[in-house]
Amino acid sequence: MAFSSERDMVEAIKTSTYLQNLISTEPRLIREEVKGYFGVPDLVVVGSDNEKQIAIAFEAKLSNWRRALFQAFRYKAFVNKSYVIMDDEFVNPALSQKARFKRSNIGLLSIDHNGSVHCHYDPYYESPYSSQLESKFNISIENFVRKCPDAH
């Protein structure tokens with residue numbers, strides 16, 4: 001059975017073991033629909049990986065992989081990795097275009113109704129392409145963590 005909404009997919013990915021294993025430390029911050037940058041990712045996770053901070057954005061789509069890829073690419077302006085999450089029942093068209101995800105260095109995940117995440121392409125770490133948006137994002141994260149130290 002397919003997901004009924006992208007919100008349901010985001011809730012499933014937030015509780016998945018995949019997300020917990022994606023970064024090497026406890027996430028400093030998990031936020032939904034982060035506004036004020038180049039697009040609005042459905043989910044942003046900030047943590048550390050091998051002693052460096054890493055920011056990861058996720059764009060959830062039930063079926064429109066083209067739109068998701070476009071949006072996920074925009075998030076690379078301020079994060080280190082960006083992923084598209086597709087409903088597992090509708091991921092095949094995106095899988096047939098996996099080379100586009102690789103060329104763009106955008107991760108491709110699918111999630112099934114049991115909450116199992118399948119990684120079809122894992123992007124490599126890279127610096128955001130806008131130092132201005134990266135700085136703005138990092139300042140907002142630090143301010144949020146300072147105001148709400150127990151928030152995740």
What is the order of ASP42, ASP8, ASP88, fewest Cβ neighbours within 10 Å to most? ASP8, ASP88, ASP42
Quick check on the exposure proxy: order SER110, SER48 from fewest to most C-beta atoms within 10 angstrom. SER48, SER110
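Rounded if a/c is under 1.5, else prolate if a/b is larger than b/c, else oblate: which is the range 58-127, with a ≥ b ≥ c the root eigenvalues of its Cα gyration tensor?
Numbers: a/c = 1.73, a/b = 1.56, b/c = 1.11.
It comes out prolate by the Cα gyration axes.
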Estimated inter-spin distance, ALA99 and SER48, nm [label 7 Å along Cα→Cβ]: 4.1
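So if R0 is 25 Å, what FRET efficiency would SER63 and GLU126 give, r being the distance between their Cβ atoms, rounded to the nearest 0.05? Mind dumping the intermediate values first?
Working: r = 28 Å, r/R0 = 1.10.
Efficiency, from the Cβ-Cβ distance: 0.35.
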Calculate, for GLU142 and GLN20, the FRET efficiency according to 1/(1 + (r/R0)^6) with r their C-beta to C-beta distance and R0 35 Å; round to the nearest 0.05. 0.90
Neighbour-count ranking [beta-carbon atoms within 10 angstrom, fewest first] of ILE54, ILE139: ILE139, ILE54
From a point 7 Å beyond the Cα of PHE90 in the direction of its Cβ, which residues of the range 60-76 have a backbone N at a distance under 14 Å? 60-69
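All of the numbers you see were taken from the coordinates with simple rules; none came from a lab. The structure displayed is predicted, hence computed values, not measured ones. Every residue, glycine as well, gets a Cβ built from its backbone with ideal geometry; the counts of neighbours run over all protein chains shown.
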